[in-house]
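Bear in mind these aren't lab numbers, they're just calculated from the coordinates by the rules spelled out. Remember, predicted model here, so these are calculated numbers, not experimental data. Here the Cβ positions follow ideal geometry from the backbone for every residue, glycine too, while neighbour counts run over all protein chains shown.
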Amino acid sequence: MDYTDSGLAPIGWLTLALINAGLAESKSRSRWRWFVASLFIGPLATALIVVWPRGAVSQRSESRRGE
C-alpha cells in the first residue's frame, strides 16, 4: 500500500509536527515555531531538535514553573 495514494502522508506529517512541538518544548524551545518548521522540513526538524543543545530557560517559563 502506497501511503500517498491513501492520503495518510499528510496525517503522518502533521503527527510528526505535533511530536516535534512537544520535543522542542521539553528542550526549552518555542513549541509553535518548531511546529511550523516541522510542517515544512519534517524529519529534518526532528534531527535538529535532538542534535542542537538545550535552549536557555526564559524568565517567563521560570515564573510559570514556580506557580
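What to note about this one:
- Were the residues from V51 through W32 laid out at 0.36 nm apart, the gain over their Cα-Cα distance would be 5.0 nm.
- Each of V51, V36 has some number of other Cβ atoms within 10 Å of its Cβ, and from fewest to most they run V51, V36.
- Cβ-defined net charge surrounding K27, 13 Å radius [Lys, Arg +1; Asp, Glu -1]: +3
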